[in-house]
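Student: Input: one structure, supplied below.
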Ligand SMILES: [Zn+2]
């Protein structure tokens, strides 16, 4: 019996419970997934909403409009390779299989810069939810990681979110291959429209939900107007070490 998702609170604890994870070729599966009643490879709808991310209290240099674009892009990377349709909803709704809520909380960023919960149970209010670290007393802000001229502590919302969504969908950390699901940030992206998945991430998500058989429906609510995730990242430590 695996612990409830509440105990998969961040990557440090993930190490503790890794024995409960299923190790595949190199990606790691948590053993949890959103219900897929018609079987592997069939499309399921996963809803998401913003808890407090856009309420003005998030420690970011980005406007809400750009944050929303980044969220859509991050979900789209996963739905582009697996039969997942992400739909934004105003608030959690019971008829959806799930709801990934995205927001921030104040916790020690050296412990984890973000956390996400595995999709262990649709009855658990925290399942799938994502929280960015938001300690305004710390010397970093959430932004784009665009390089020269940026605040050296500006962290890329997109790269962290793509990683956390991987957890929210059931992926664990990747320790061997180069992957977005590595527990340390790779500083690979530089803001919106720069995101991508690596082969190991794709293999992992397709092991959970199957491959996308048909193109994404452009009519998806999550795609309209834009394009289309218990663990955290240790990248802050690495980031600080670079200074
Ligand atoms: Zn992680």
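Student: Please give the FRET efficiency for residue 125 paired with residue 153, using the beta carbon to beta carbon distance and R0 = 45 Å, rounded to the nearest 0.05.
Tutor: E(calc), rounded to 0.05, equals 0.90.
Student: Each label point is 7 Å from the Cα along the Cα-to-Cβ direction; what then is the distance between the points at residue 54 and residue 188, in nm?
Tutor: For residue 54 paired with residue 188, the spin-label model returns 2.7 nm.
Student: Continuing with the same structure: What FRET efficiency comes out for the pair residue 111/residue 81, r = Cβ-Cβ distance, R0 = 22 Å, nearest 0.05?
Tutor: The value I calculate is 0.10.
Student: Expressed in nm to one decimal, what extension gain is obtained for the pair residue 38 and residue 65 from 0.36 nm per residue of sequence separation less their Cα-Cα distance?
Tutor: That pair, residue 38 and residue 65, stretches by 6.2 nm at full extension.
Every number in this text was worked out from the coordinates using simple rules, so none of it is lab data. Just so you know, these numbers come straight off a predicted model, no measurement behind them. No Cβ is skipped: glycine too gets one built from the backbone with ideal geometry, and neighbour counts run over all protein chains shown.
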